[in-house]
1. Counting Lys and Arg as +1 and Asp and Glu as -1, what is the net charge of the other residues whose Cβ lies under 15 Å from the Cβ of Arg41?
2. Quick check: Cα centre of the range 125-141 to Cα centre of the range 34-53, how many Å?
3. Using the count of nearby Cβ atoms within 10 Å as a rough guide to exposure, how do Ser78, Ser113 rank from fewest to most?
4. Which whole-Hz couplings ³J(HN,Hα) result when phi for each residue of the range 177-190 is put into the Karplus expression 6.51 cos²θ - 1.76 cosθ + 1.60, θ = phi - 60°, listed in order with x for Gly and Pro?
5. For the chain, set up a Gaussian network in which alpha carbons nearer than 10 Å are linked by springs, and say which option among Met123, Met84, Met31 fluctuates the most.
6. Which percentage, to the nearest 5, of the DSSP beta bridges contained in the chain is antiparallel?
7. Between Glu192 and Glu127, what's the calculated FRET efficiency when r is the beta-carbon distance and R0 is 45 Å? Round to 0.05.
8. Using a Gaussian network model of the chain whose springs link C-alpha atoms within less than 10 Å, name the residue from Leu39, Leu168, Leu144 with the highest mean-square fluctuation.
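Just so you know, all these numbers are worked out from the coordinates, no wet-lab data involved. Every value quoted in this text rests on a predicted model; they were computed, and no experiment measured them. All Cβ positions, even for glycine, are placed from backbone atoms using ideal geometry, and neighbour counts span all protein chains on display.
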Amino acid sequence: MQVAGGRLEGGIVIGNTYDKYGTTNPIARWMMNGFDAALSRFVADAAPKTIHEVGCGEGYWVLRWLADGIDVRGTDFSSDVIAMARATAGQRSVDQQRFQVKSIYDVKPETDSADLIVCCEVMEHLEDPEAAVQALRKLDGSDLIVSVPREPLWRVLNMARGKYLSDLGNTPGHIQHFSKAEIVGLLSRHFEVKAVASPLPWTMVHCKWPAK
């Protein structure tokens, strides 16, 4: 799978800074296994027939869920990462049109709804997370899963491994910094929070649409 590697598009860091899903570093692998387990548990709890991953990056999870037999599609604001996702899809004989260029702020109920909306590692990159959550709330869905880096732990761990020291451990492109309480508070203003997981060093929240 192609990885953006921290490149910029329109002055914004896109995709993954490194291949975290394919890493052989034992500590990074252990952390990614924890993320994988938490996300897979929440998806299993939702038991969706359809998934829309908003901010899908290079397409790792969309392609994985498709392999599991779920009807999935992904969107991302970046035309570069969508091109990477489509290239990988083509190599795996997957319909490349499952990946489309679209900002989270522009999602619409008539085109972007699904049983489960997944939005992982997106909110920390946004200038207006509140507006993004409001846009997601307008979709027709049952379940929402959101994950963000858990701050300040994320930056502390970056500094402990000697990364981004001049920026106090802040990963390039992260302009929002959510504690567990802050991301839960943001989501609970618009959704019913069902469960919260803390796979080190993330916060992951499983929400339900409020009853209509």
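1. Overall, the nearby charge balance is -2.
2. Measuring centre to centre over Cα atoms gives 19 Å.
3. Listed from fewest to most nearby Cβ atoms, that is Ser113, Ser78.
4. Once θ is set to phi - 60°, the couplings for the range 177-190 become 9, 9, 6, 4, 5, 5, 6, 5, x, 4, 5, 5, 6, 10 Hz.
5. Most flexible of the set in this elastic network: Met31.
6. 45
7. 0.95
8. Residue with maximal mean-square fluctuation among Leu39, Leu168, Leu144: Leu168.
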